[in-house]
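Visitor: Please see the structure below; I have some questions.
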Amino acid sequence: MGRYLTIEELHTGIAAYVYALRFDGSDGHLMNEFFLREEKHVCSTDEMLRCADFNFNCSQKCTRTQYLIDMFNYIRTVAPKRGFIEHQQKGGLAKCRFYENDIGAISSGPFRIYGIFMGPPGNKLFIAGDGGLKQTRTYQEDPWLNQQHEIVSSARAAILNAFKSGDIGIERSRNGRSRLSQSATKMKIQI
Ligand SMILES: [Zn+2]
């Protein structure tokens with residue numbers, strides 16, 4: 001695609017570090033764009049029917065926003081404190097899901113934020129991309145979600161190349177948690 005991304009450190013906690021990808025020249029990182037887009041969303045008449053399938057109530061502000069709040073809190077507070085552990089679901093509706101090749105998602109109800117999980121099991125860091133509302137059985141059936149998944153996959157491949165060339169690495173923080181080396185946040189990733 002020939003686009004450049006940078007990695008920003010977002011949240012650090014006693015159990016995990018959280019990062020986000022940002023396209024060069026954009027106002028915010030991808031996860032921020034996700035939340036801004038979803039927060040502004042007003043359900044159309046057609047969507048209201050879909051929302052009813054999810055038991056969301058659109059009569060005022062769609063109740064799907066509760067899932068976003070849980071997702072935000074999970075990424076900002078719960079996961080940095082407890083770590084990214086699959087199927088853990090304490091303190092809200094959000095949880096993390098590991099797919100293949102370090103790629104995974106934070107899910108909260110039908111919402112997904114795709115990203116890269118790196119580091120040893122039970123001590124993973126997360127590099128967040130963008131996501132959206134998953135209304136199809138698989139993300140591949142939804143062009144937007146498929147594209148977001150591809151972006152994080154491409155970013156992962158570029159990051160692995162940077163590991164191999166020694167430009168960046170995963171190191172241990174003082175409390176023993178996996179973090180990206182400082183050089184990672186200064187690097188431009190081409191995808
Ligand atoms: Zn709705």
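The values are calculated or read from the model by the stated rules, or taken from the named source; none is laboratory data. These numbers come from a predicted model, not from an experiment. Methodologically, a virtual Cβ is constructed for each residue, glycine included, from the backbone with ideal geometry; neighbour enumeration extends over all protein chains shown.
Visitor: Among the residues of the stretch 150-172, count how many are part of a helix (DSSP H, G or I), over 15 Å from Leu125 (Cα atoms) and among the charged types (D, E, K, R).
Guide: 2
Visitor: Which of the numbered conditions does Met48 fail, given that it passes all the others? Conditions: (1) surrounded by 20 or more Cβ atoms within 10 Å (Cβ to Cβ); (2) within 13 Å of the ligand (Cβ to nearest atom).
Guide: (1) is the only condition that Met48 fails.
Visitor: Quick check on this structure: which one of Leu30, Leu125, Leu133 is within 16 Å of the ligand (Cβ to nearest atom) and among the aliphatic types (A, V, I, L, M)?
Guide: Exactly one residue qualifies, and that residue is Leu133.
Visitor: Answer yes if at least one residue in the stretch 17-30 is in a loop (DSSP other than H, G, I, E, B), at pLDDT below 90, in contact with a strand residue (DSSP E or B) (Cβ under 9 Å, 6 or more places away or on another chain) and of a type in the set (D, E, K, R), and no otherwise.
Guide: The answer is no; no qualifying residue exists.
Visitor: Determine which single condition Tyr139 fails, assuming it passes every other condition in (1) touching a His at 6+ places or on another chain (Cβ under 9 Å); (2) within 23 Å of Gly2 (Cα to Cα).
Guide: Of everything listed in (1) touching a His at 6+ places or on another chain (Cβ under 9 Å); (2) within 23 Å of Gly2 (Cα to Cα), Tyr139 misses just condition (2).
Visitor: Where in the stretch 95-135 are the strands (runs of 3 or more DSSP E), entirely inside, with at least 1 residues that are β-branched (Val, Ile, Thr) and in contact (Cβ under 8 Å) with a residue 24 or more places away in the chain?
Guide: Those strands (runs of 3 or more DSSP E) span 103-108, 111-118, 125-133.
Visitor: Another question about this same structure. Glu33 fails exactly one of the following numbered conditions: (1) farther than 25 Å from Arg179 by Cα; (2) of a type in the set (Asp, Glu); (3) in contact with a Ser or Thr (Cβ under 9 Å, 6 or more places away or on another chain). What is the number of that condition?
Guide: Failed condition: (1).
Visitor: When the stretch 79-94 is examined, which residues are found to be over 14 Å from the mean Cα position of the chain (by Cα) and part of a helix (DSSP H, G or I)?
Guide: Lys81, Arg82, listed by residue number.
Visitor: Continuing with the same structure: Please go through the stretch 51-80 and give me each residue that is surrounded by fewer than 16 Cβ atoms within 10 Å (Cβ to Cβ) and within 13 Å of the ligand (Cβ to nearest atom), ordered by number.
Guide: Hits for the stretch 51-80 are Ala52, Asp53, Phe54, Asn55, Asn57, Ser59, Gln60, Lys61, Thr63, Thr65, Gln66.
Visitor: Here is a follow-up. Quick check: is even one residue across the stretch 85-106 within 16 Å of the ligand (Cβ to nearest atom), modelled with pLDDT of 90 or more and more than 30 Å from Gly2 (Cβ to Cβ)?
Guide: No; the residues of the stretch 85-106 include none that is within 16 Å of the ligand (Cβ to nearest atom), modelled with pLDDT of 90 or more and more than 30 Å from Gly2 (Cβ to Cβ).
Visitor: Still on this structure, please answer the following. Could you say which residue among Asn57, Asn123 is of a type in the set (S, T, N, Q) and under 22 Å from Asp46 (Cβ atoms)?
Guide: Asn57
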